[in-house]
1. Roughly how many Å² is the accessible area per residue of segment A:305-421, as a whole number, for a 1.4 Å probe?
2. Which residue fluctuates the most in chain A, going by a Gaussian network model with Cα springs under 10 Å, if the choices are A:Cys44, A:Cys324, A:Cys265?
3. Using only Cα atoms, tell me the angle between helix B:345-363 and the longest principal axis of chain B; keep it within 0 to 90° and round to the nearest 10.
4. Taking only Cα atoms, what is the 0 to 90° angle, nearest 10, from helix A:402-420's long axis to the longest principal axis of chain A?
5. Note the angle between two axes, namely the Cα long axis of helix A:215-227 and the longest principal axis of the Cα atoms of chain A, as a number of degrees from 0 to 90, rounded to the nearest 10.
6. Running Debye on segment B:227-366 with equal point scatterers at the Cα sites and no solvent, what base-10 log of I(q)/I(0) appears at q = 0.10, 0.12 Å⁻¹?
7. A drop of at least 20 square angstrom in accessible area, chain alone versus all protein chains together, probe 1.4 Å. Which residues of segment B:108-146 meet that?
8. Using only Cα atoms, what is the ratio of the radius of gyration of segment B:50-127 to 2.2 N^0.38 Å?
Amino acid sequence: MSMKPLCVKLSVQPSRGLVDEKFTILVQNLLPGFQLTIHALHQCEDGHSWEAFAHYTADATGTVNVSEDPSLDGTYSGVEQMGLLWSLRPVPGSKYGLRMRKMNVQTPMVVTISVYQGHRTEGFLDQVLLASVMVERWYMAPGVQRVPITDGKLTATLFLPSGPGPFPGLLDLWGGGGKLVEYRAALLASHGIASMALDYLTPQITKETGKMVDNDYFETAYRVLEQHPQILGSRIAMLGLSFGSTVTLRMAVYSQVVKLSCAVCISGSHVQPIGGGLEQILASFSKHAYKTRLDENNQVIWRDLMLPIPTDPSLKVDMGRLQCPLLLVVGEDDQNWPTHESAMDVKEMMDQAGNSHLLTVLSYKNAGHLIEPPFMPFARASTFKTITNPPTKVMVLWGGELVAHSRAQEDAWRKTLVFLRENLYGGMKHGASFSNL
Amino acid sequence: MYINLRRKPLLSVIADDLSCGGTYTGKEAMGLLWSMRPVPGSREGLRLRKLNVCIPQLVNISVYSGHVGVGFREQDPLASVLTERWYMAPGVRRIDIKEKGVRGTLFIPHGPGPFPGLLDMWGGGGGLLEYRAALLASHGYASMALEYFNPAEVNTAELELNYFETAFNIVRDHPQVMSDRVGLFGLSLGSIVSISLAAWSSVVKPRCCVCISGNHTHARGGTIGDVFNEFITNVHKVRMDENNYEIWRGMGLPIPDDISQKVDVGKINCPILLVNGDDDQNWPTVESAEDMAQMMRAAGNEHLLTRLEYPDAGHLIEPPYSPHFRATKFLKDGQKVILLWGGTTKPHSDAQEDSWKKILAFLQQNMYSSSGPRAKL
């Protein structure tokens, strides 16, 4: 049927929610069999436009329900309730290698969901819209407080959950790109965990002195959490992605100050020279830089730099000495770090030492390196600015395939929250491995 | 569970879950909202109404140890979260209207439009209440909240039907409104206006009408003030309850037989939805609805009428999860009285929830549907 129906009714519920909440998109008042395209548009903070779209056909009642009806084609297909978010990609004509990251968490991510007549794949801005709604996606729940931290020469932001507290605490570390990235800590605080996002590669102190921070810096951050009047000093976790995992494992095993209730390491590795500081770790990566490969698009593959997993104990964290529950999240198509191989080696070390009851490994087929909170767009490769002096820009291959990676993000986040809740909010007995996750 | 509604510092509202009967019992997903009431020690006759719809209503949901009934402010909760409740969806636009003597606020949904339109009218309290129009816009209807007299000045309001016709046309003529799909939405006096327009106006042709707690028992002609004064002529029929709250429903009885004393509802030619509570102590709205049905049956247009009547619901049938107000302050002749609206909290809250669902379905059927307007739900 090609007749334009009168008054198409589009609703997205909820129209305001956290970024990890699902929404339901309903289109009503169509003619049965009517062909339409549902389109999502988002303009991110640096001005780039992202879009996703899917083709649907109205059922006999003249309705399309994205949670129940299959997309026939588009940036995703099949029944995908949140496909319009995780399949967002830069609009045609955009620069290559973009990655979407919200830096200002005090404003929402605004997405416009629209309905167009027919099965369209391009030229959305030129077409006649049938209906459109705006949806707000928030990293900060109402009542969450954002507190910049500068004590002890830290460059950090603490997010306190709504309510009187006290709350369990968490130190949140991102990877080798540096900067102070707040969104995951804000989201964790929205789930009841007082979380501190810490910039440890490009903090103010490094900019001023030219020197990288050492272990003291992380211990100071831990102490700030431990001593905070609204945080339970005995219930503090660390969560790291990529290089952040490197730091997390080092602190968890070797620090005399940091006593963690649990740790989460996403896309990380225990492979690092023991003793010495961050410079030594980065130097050891550089030493193996000759193992860098390029894919057919000249994108950089760095996974081989840490391979083979060393047998020399001075080149990896002694996982047998870990005393808290650990959740490892890895993507098996990770092209940036050999995270799956590292996880297998960690398991072996812990099996041998007798502490593998503390270990849970979530390993996802066809997922890549950047395992982020759910429903965020996927980047198989993106431009990466190194923190070297002078910095260089390269196109890094992270790996992963869109659908599998998006499912991994959703599953991993849910299980990460369960793991954190059990170990931070749970009873005095620390949960062991989570075979029921 | 305890809720502290933080609005202005003057007013906070706390709900107990345990007192004789409690503020709600049993499994009630939204009980913490609709059973809210002023904290002990508050002034009498308060009514909770959101004036600034551009910011959310903030509700603190907290957990306390043990079964607590009093003294919430003196204790520390175990945990607490803040929730936001919005009348305006993202992207809804708010436009001040001051043209052709008409005062109001128009809310336009997000999107290309055009949209069906609504003229939204409240009752005898006066002023400009925007929240229902904002909520209707969040559901896809370009809605104008209409101001038609100042608070406490209803009996001197000089407006006649043509004010409302002008207001209706402002909505109808707006570039983002579908001119053949504009309806009327009223409560109490607002319903009376809607019914009058639907029956008597040669200028406006509403697509459909939603009339909550309204009636048809007034003669044609006159200003709003005249209409109101006509209602309250029989002051001797006002009763007082045991708290000295005024019960006005007697003034509306008996429903006259003389057709010249009533709106000629036989002339209505659009679908009309009447929503009433059978414990309405302010006006005999159910009796009025029954009489309207008889008149429409005799005239042959009863197929346009849908009646929703709710046991133990009162006069102020508002959008769902709003607290129930059995009696609140009202300014009459510059005097503060407390009017009994009626209703019992749980059935009234159920009525609000159920009627809103049905109102939205009725509006969708009549304003959005491709086929012509359907009368019965």
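1. Numbers: 4750 Å² over 117 residues.
The answer is 41 Å² per residue.
2. A:Cys44
3. With rounding to tens, the tilt is 40 degrees.
4. 50
5. Taking Cα atoms only, the helix is inclined about 70 degrees.
6. Once normalised to I(0) and log-transformed, intensities are -0.38, -0.55.
7. B:His110, B:Pro112, B:His139
8. Numbers: Rg = 19.7 Å, N = 78, 2.2 N^0.38 = 11.5 Å.
Relative to the 2.2 N^0.38 Å estimate, segment B:50-127 comes out at 1.71.
The values are calculated or read from the model by the stated rules, or taken from the named source; none is laboratory data. Source: prediction; values computed, not measured. Because the Cβ atoms are built from the backbone with ideal geometry, glycine has one as well, and the counts that use them run over all protein chains shown. Side chains are part of the model used for accessible areas, which takes the heavy atoms of the whole protein and leaves out ligands, DNA and RNA. Shrake-Rupley method; radii C 1.70, N 1.55, O 1.52, S 1.80 Å.
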